[in-house]
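The values are calculated or read from the model by the stated rules, or taken from the named source; none is laboratory data. As the structure is a computational prediction, the values presented were derived from the model and not from experiment. Every residue, glycine among them, receives a Cβ derived from its backbone with ideal geometry; neighbour counts consider all protein chains shown.
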Amino acid sequence: MASAGYVFDTWNGSVDGIADTSLSIVTFTMGDATVRTITANFTPSDLRYTVTAILEPSSGGSVRLQPPQPSAGYPVNQSVSVLAVAHMGYVFGRWMGDLAGPDNPRTILIREDKSITAIFNPTVTMYSSPSEGGSVALEPAQPANGYAAGTEVTITAKAAKGYHFVSWQGDISGSKKSVSIAVDAPMTMTAGFVGQSPSRWWLWVIFGLAGLFGALILVRLVYARMNKRALDQPQQPDG
């Protein structure tokens, strides 16, 4: 393997059976020999190549190259570490171009110009006010690497016991419990909840019983007074 700034030139030594000694990868047969010594020759090279990093979206993050890219480009066979760094509200999703997949960071070997694209996905941040008032559910659930731009998501406020949902604040508004949106950029929303007044049914029971007892007492008082009047009237003699 050639070092940075060098290229393979040729093989020499015990090269019997090697058809083309200018190829960097060759196959040969040992034959009767128990030991064969071959030497790889490398020569300095002025070849330079560049790495072009594209951000999607441009506000989603940045790409760091280590070592940093010289103004004239990297020497041939330079090994370069590539790291995607997401900005707030985004997470790194995947690579495209001369890199592919979600692994981050990656290492590339410079033998030609490279063009790589870092895809950053927007995220949805949810809050509840007050925090004990309820929760917010996303359907589909938010992946660890965020939503692919344009994903349709249904957001639903779920009130805790003793609370009810009032309205949304932030990047969505209104008083509908469930709202569907297309996630094209980072979003932050707060579901507002208020406590429900405790049920007063027991007061009505108390009032009802009090009224019933009051009526019974009133009836007894009236009956007692009527009975007393009857006793106080003088008795008429017979015949």
State whether one or more residues within segment 152-160 are touching a helix residue (DSSP H, G or I) at 6+ places or on another chain (Cβ under 8 Å), part of a loop (DSSP other than H, G, I, E, B) and not basic (Lys, Arg). yes
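Run down SER79, SER115, SER135 and say which single residue is assigned by TED's automatic domain parsing to the domain that holds ILE181 and among the polar types (S, T, N, Q).
SER135
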Do we have ALA40 as over 36 Å from the mean Cα position of the chain (by Cα) and not aromatic (Phe, Trp, Tyr) here? yes
Lone qualifier among GLY208, GLY162, GLY195 - being modelled with pLDDT under 95 and at positive phi: GLY162
What do you reckon, is SER81 outside any strand (DSSP E or B) and surrounded by fewer than 16 Cβ atoms within 10 Å (Cβ to Cβ)? no
Consider VAL80 carefully, then state whether it is under 13 Å from ILE110 (Cα atoms), free of Cβ contacts under 8 Å to residues at least 40 places away in the same chain and not hydroxyl-bearing (Ser, Thr, Tyr). yes
Take GLY134 and decide whether it is within 30 Å of GLY195 (Cα to Cα) and buried (at least 19 other Cβ atoms within 10 Å of the Cβ). yes
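Among MET88, MET96, which is the only one that is of a type in the set (A, V, I, L, M, F, W, C) and either part of a loop (DSSP other than H, G, I, E, B) or surrounded by fewer than 13 Cβ atoms within 10 Å (Cβ to Cβ) (or both)?
MET88
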Residues of segment 108-131 classified as assigned to a loop (DSSP other than H, G, I, E, B) and surrounded by 20 or more Cβ atoms within 10 Å (Cβ to Cβ), total: 1
(1) under 24 Å from VAL194 (Cβ atoms); (2) in contact (Cβ under 8 Å) with a residue 60 or more places away in the chain all hold for PHE165 apart from (2)
VAL35 vs. criteria of a type outside the set (Phe, Trp, Tyr) and modelled with pLDDT of 95 or more: no
